[in-house]
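**Student:** Just passing along the structure, written as structure tokens.
The values are calculated or read from the model by the stated rules, or taken from the named source; none is laboratory data. Since the model is a prediction, treat every value here as computed from it, not as a measurement. Cβ sites come from the backbone with ideal geometry, for glycine too, and all protein chains shown count toward neighbours. Just so you know, the surface numbers come from the protein's heavy atoms only, side chains and all, with ligands and any DNA or RNA stripped out. Shrake-Rupley method; radii C 1.70, N 1.55, O 1.52, S 1.80 Å.
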Amino acid sequence: MGEEGNPQTPRRTTRASLSDPNISTGKLKSCNQKPLTIHDLAYGDESISLDDLISSLPGRRSQIIELLHLLGPLDSPMFPVFIYGGASTGKTSTILQIFKNLKRPFVYCSCITCYSPRILFESVLNQLLLHRKNESNRYSSAKRCERPSDFVNLLQEALRSVVDSLKVKSSSKKSVGGARGKMVYLVFDNLELAREWDKSTNILPFLFKLYDILKMPEVGLIFLSNASPDTYYSDTGYVEPIPVYFPDYTEDELRQILMKNQENPKLYSSFLEVVLRPFCRVTRRVDELSTSFSSLYQIYCEPLDDLGVVPSEDMKRKLFSHLQPHIGPSLNDTFKAESRLSSEASAKTNKWKGIARKSGVFESSDEIDFHMSACAKYLLICAFIASRNPATLDAHLFDSTGGSVNPKRKRKSSVKSVEKKETAEQELLLKGPGTFPLERLLAIFQCVVSVSECLPDEEAQGDGGLEGESWTNGLLSDVLLELSSLCNANFISKGGSCPLEGANRYRSMVSEAMALKVAKSLKVPLAKYLYRG
């Protein structure tokens, strides 16, 4: 947030540099930095107007206005706020830019870099105590804190000191610029990652109870998460944060975001006319679209000698013809799960069923009218199986190696049993698709994929099925990304948590005809896995 050439790096630049590989570590040494002051809790001399704030964040005007209303005028107390929405929907950028506009002091901690309770506690305390880790203090924290009880005592102490300093600064007429007001805000980002920590069942309720524990009107709490509020809250009597939802960007909003800072807006606009709509069917995450479009735009511009040219209609058609063979493979690569094979055999990773890259044509375009990676298609099928089948029959349909059990044929059913079976099927259709937990979906996914990759028509069987640690470590993160994308596209519905299980439940939203089309493109015998009563 500050210039790289400035030897006196403000506190906001110091925080950003923790995750910015472009900033040299030599510029952060204590010998080149002045001691931190209370004004370093804000953005220092940097500020933006409200109009610039809204224009810099397309599609987030209503959220910005709502957050400014919840933060209130200067020095006004506030209830805790819970900002949630899908990944890459501008939550962090919006709240940071709001504080840049208001120039109010705040503490920011992300559960990505603060990956344990101790690191999270110490990060908050270091910022409030104006402590910077450096070589002189052996990169140690100001206070060592591991238990929530110790954190509460140290936090209250540090907050009182900061609030008193802010009151003195605000009462001084000579104080110009720097932090404004007497309030200090604690911002906890990526809160959903805290659920993976040990003893997370205690940490999350503890963070939500901070408002009641501290009882300091000068302190505001803001939580940011990719998961919805109902995945956290429990009936423990604390004040529930006010939810603020960040929806996925629309196609027009994505166009505005991607068009920012382009050297040749007209050329890039013609490029987006070709690629944006098909990619929006797969993902609306800005980071993933930017990564995919970066390589595609280079291919799009290959026939051009001058990148500053304004393309004519004839030129647009030629550029599109040059780019078209690369769009299909790039759509699959957007969410392609890494193969379990070694790097020497990585050329065989396209053995996922349903991926056809010959001559750059779209896969199974004569059967299905959308494009997604093979891993996403497997998840779509497995979600349909999990919604249609009772959970008690999973062990019957899948054996320990992932194959489908072929039970012995029963004797010919009587007329009464046939009528009973038809009645059960009708009741099942009337009930609609059932819900299932994530663990069950992953188990079915592992079984179906391992069988499909070992089918006789495969040219190379590789190492067998996706099983054990290789599957968990190599593919789980990609599978979860795929699942998030399918939920955003409404192929799979994500409901609230079960009161007994305490975990999210999902439901397949596709019809049987659609599931059969997807299964056919992967050559998966879907009927073999479905319970018919």
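**Student:** Against the definition (closer than 30 Å to Arg61 by Cα and either crowded, with 17+ Cβ neighbours inside 10 Å or among the small types (Gly, Ala, Ser) (or both)), how does Cys145 come out, yes or no?
**Tutor:** Taking the combined requirement at face value, the residue does not satisfy it.
**Student:** Also, quick follow-up: Which ones in region 82-120 are among the hydroxyl-bearing types (Ser, Thr, Tyr) and in a loop (DSSP other than H, G, I, E, B)?
**Tutor:** To start, the set of residues in region 82-120 that are among the hydroxyl-bearing types (Ser, Thr, Tyr) comprises 84, 88-89, 92-94, 108, 110, 113, 115-116.
Matches in region 82-120: Ser88, Thr89, Thr113, Tyr115, Ser116.
**Student:** Return the residues of region 252-300 that are small (Gly, Ala, Ser) and open to solvent by less than 10 Å² (accessible area, probe 1.4 Å); say none if nothing qualifies.
**Tutor:** Within region 252-300, the first condition is being small (Gly, Ala, Ser), and the residues that meet it are 269-270, 290, 292, 294-295.
Result: Ser270, single match.
**Student:** Restricting the first residue to region 521-533 and requiring it to be assigned to a loop (DSSP other than H, G, I, E, B) and among the β-branched types (Val, Ile, Thr), which pairs with a second residue that is modelled with pLDDT under 80 and open to solvent by 10 Å² or more (accessible area, probe 1.4 Å) meet a Cβ separation below 9 Å and a spacing of at least six or different chains?
**Tutor:** What qualifies is Val524/Lys353; Val524/Gly354; Val524/Val451.
**Student:** Which of the residues that make up region 494-510 are among the small types (Gly, Ala, Ser) and either at pLDDT 85 or above or within 20 Å of Leu397 (Cβ to Cβ) (or both)? So that I can check it myself, show each step before the final result.
**Tutor:** The first filter runs over region 494-510 and keeps only residues among the small types (Gly, Ala, Ser), leaving 495-497, 502-503, 508.
Residue satisfying the conditions is Ser508 alone.
**Student:** Take the residues in region 469-479 that are at pLDDT below 80 and of a type in the set (A, V, I, L, M); name whichever of them is surrounded by the most Cβ atoms within 10 Å (Cβ to Cβ).
**Tutor:** Of the residues in region 469-479, the ones at pLDDT below 80 are 469-478.
Next, from what is left, pick out any that are of a type in the set (A, V, I, L, M): 475-476.
On the way: Leu475: 21, Leu476: 12.
Applying the filter and picking the extreme gives Leu475.
**Student:** Pull up region 90-133, narrow it to residues that are within 25 Å of Asp212 (Cβ to Cβ) and of a type in the set (Ser, Thr, Tyr), then point me to the one that is surrounded by the fewest Cβ atoms within 10 Å (Cβ to Cβ).
**Tutor:** Result: Ser116.
**Student:** Looking at (1) open to solvent by 70 Å² or more (accessible area, probe 1.4 Å); (2) at pLDDT 50 or above; (3) within 30 Å of Pro229 (Cβ to Cβ), which one does Ser19 not meet, given that it meets all the others?
**Tutor:** Only one criterion is unmet by Ser19, namely (2).
**Student:** Can you name the residue in region 305-315 that is touching a residue at least 12 places away in the same chain (Cβ under 8 Å) and not hydrophobic (A, V, I, L, M, F, W, C) and is also most open to solvent (accessible area, probe 1.4 Å) among such residues?
**Tutor:** The first filter runs over region 305-315 and keeps only residues touching a residue at least 12 places away in the same chain (Cβ under 8 Å), leaving 307-311.
Filter again for not hydrophobic (A, V, I, L, M, F, W, C), leaving 308, 311.
Working: Gly308: 55, Pro311: 16 Å².
Only one residue tops the list, namely Gly308.
**Student:** Which one of the conditions (1) free of Cβ contacts under 8 Å to residues at least 24 places away in the same chain; (2) assigned to a helix (DSSP H, G or I); (3) charged (D, E, K, R) does Glu302 fail to meet, given that it meets all the rest?
**Tutor:** Failing condition for Glu302: (2).
**Student:** Collect the residues in region 319-338 that are of a type in the set (D, E, K, R) and either touching an Asp or Glu at 6+ places or on another chain (Cβ under 9 Å) or at pLDDT 90 or above (or both), keeping them in residue-number order. Give the steps one after another, and end with the answer.
**Tutor:** Taking region 319-338 as the starting set, the residues that turn out to be of a type in the set (D, E, K, R) are 333, 336, 338.
Within region 319-338, Lys336, Glu338 qualify.
**Student:** Then there is this: Out of everything in region 157-187 that is open to solvent by 90 Å² or more (accessible area, probe 1.4 Å) and aliphatic (A, V, I, L, M), what residue ends up being modelled with the lowest pLDDT?
**Tutor:** Restricting to residues being open to solvent by 90 Å² or more (accessible area, probe 1.4 Å) and aliphatic (A, V, I, L, M), the top hit is Val176.
**Student:** Which condition number in (1) in a helix (DSSP H, G or I); (2) modelled with pLDDT of 80 or more; (3) open to solvent by 50 Å² or more (accessible area, probe 1.4 Å) is the one that Glu482 fails?
**Tutor:** Among (1) in a helix (DSSP H, G or I); (2) modelled with pLDDT of 80 or more; (3) open to solvent by 50 Å² or more (accessible area, probe 1.4 Å), the lone unmet condition for Glu482 is (3).
Listed here are the residues, each with its yes/no results for (1) under 23 Å from the mean Cα position of the chain (by Cα); (2) surrounded by fewer than 16 Cβ atoms within 10 Å (Cβ to Cβ); (3) at pLDDT 90 or above.
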| residue | (1), (2), (3) |
| --- | --- |
| Ser47 | no, yes, no |
| Arg60 | yes, no, yes |
| Gln63 | yes, no, yes |
| His69 | no, yes, yes |
| Pro77 | no, yes, yes |
| Tyr84 | yes, no, yes |
| Ser88 | yes, no, no |
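**Student:** While we're on this one: Of all residues in region 253-297 being under 22 Å from Gly308 (Cα atoms) and not in a helix (DSSP H, G or I), which is nearest to the chain's Cα centre (by Cα)?
**Tutor:** Lys260
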